[in-house]
Amino acid sequence: MHVNCKLVFEKYAKPFFKPDMRVLEIGPDAHPSTYRRMLKIESIGWETLDIFNDGKMTYVAKNECVFPVPDQTFDIVFSNQVIEHVKKPWVWIREKARVCKKGGRVITLCPVSWPYHEAPVDCWRIYPEGMKVLYEEAGLELELCRMEALENPRSKEVWPGIGAVKEEEPKSTFGDRLKRFFGWPQTIAFDTIAVGKKS
């Protein structure tokens, strides 16, 4: 997981998570996930879903677009760095909306500039306009949709890519400092975040 997606989550998604909510995270990176650890709200009921059974998931889906979850179960249905691996995101977003309670929120974070990475497939990069259409098709009222790069590359010139900051505590070598001094271009990660409310 790259640093920019955590910064985007912190700025835009974190305020939607409240005590005593029931949350479904799709495709967590660990148990507990990075985002569960970032929230530090003990009373949240945090459940997980994936198509891979690692023995720690709350739910295991046999199909990426059909969740074994009853309608209107969760206050928040959250995913990070998953939608690019879904073959039919227009069906998948509708399924996320189905398991979300009325008045609840569907939150999707996805990479825009990250290079091709199969897990097991890599199909999409979605800009805000595309995310708006997906949310509208799922019957969600879009409350927020942004594409941002929040990491500080400390470089005079940047372009979209995997990100200048790849770790929590970036290591700076003499070569890195020299490249920055001379204005050597660095890549910076862009991510899209969308928050939609279910009416």
**OP:** Hey, can you tell me all the residues within the range 72-84 that are outside any loop (DSSP other than H, G, I, E, B) and either over 22 Å from LYS18 (Cα atoms) or touching a residue at least 60 places away in the same chain (Cβ under 8 Å) (or both)?
**Re:** ILE76, PHE78, ASN80, ILE83, GLU84
Original post:
Quick one: which of LYS96, LYS87 is outside any strand (DSSP E or B), under 18 Å from the mean Cα position of the chain (by Cα) and farther than 12 Å from LEU24 by Cα?
Top reply: LYS87
Original post:
Does PHE52 qualify as being surrounded by 15 or more Cβ atoms within 10 Å (Cβ to Cβ) and free of Cβ contacts under 8 Å to residues at least 60 places away in the same chain?
Top reply: no
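This table checks each residue for (1) small (Gly, Ala, Ser); (2) surrounded by fewer than 21 Cβ atoms within 10 Å (Cβ to Cβ); (3) out of contact with any Leu (no Cβ under 9 Å at 6 or more places or on another chain); (4) outside any loop (DSSP other than H, G, I, E, B).
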| residue | (1), (2), (3), (4) |
| --- | --- |
| HIS31 | no, yes, yes, no |
| LYS56 | no, yes, yes, no |
| PRO70 | no, yes, yes, no |
| VAL91 | no, yes, yes, yes |
| LYS101 | no, yes, yes, yes |
| GLY104 | yes, no, yes, yes |
| THR108 | no, no, no, yes |
**OP:** Go through (1) among the hydrophobic types (A, V, I, L, M, F, W, C); (2) within 30 Å of THR187 (Cβ to Cβ); (3) surrounded by 15 or more Cβ atoms within 10 Å (Cβ to Cβ) one by one and return the number of the condition PHE74 breaks.
**Re:** (2)
**OP:** Give the residue that is farthest from GLN72 (Cα to Cα), with candidates limited to residues of the range 129-157 that are at pLDDT 95 or above, part of a strand (DSSP E or B) and among the acidic types (Asp, Glu).
**Re:** GLU143
Original post:
LYS87: surrounded by fewer than 18 Cβ atoms within 10 Å (Cβ to Cβ), out of contact with any Leu (no Cβ under 8 Å at 6 or more places or on another chain) and at pLDDT below 95, yes or no?
Top reply: no
**OP:** Could you grab the pairs with beta carbons closer than 8 Å, sequence gap of 6+ or different chains, first residue in the range 125-147 and more than 21 Å from VAL99 (Cβ to Cβ), second one part of a loop (DSSP other than H, G, I, E, B)?
**Re:** ARG125/VAL112; ARG125/SER113; ARG125/TRP114; TYR127/VAL112; MET147/VAL112; MET147/TYR127; MET147/PHE190
**OP:** Read through the list (1) more than 14 Å from ILE107 (Cβ to Cβ); (2) part of a helix (DSSP H, G or I); (3) without any contact (Cβ under 8 Å) to a residue 24 or more places away in the chain, then give the number of the only condition that ASN4 fails.
**Re:** (3)
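The values are calculated or read from the model by the stated rules, or taken from the named source; none is laboratory data. What you see is a predicted model; the values in this text were computed from it and never measured. Because the Cβ atoms are built from the backbone with ideal geometry, glycine has one as well, and the counts that use them run over all protein chains shown.
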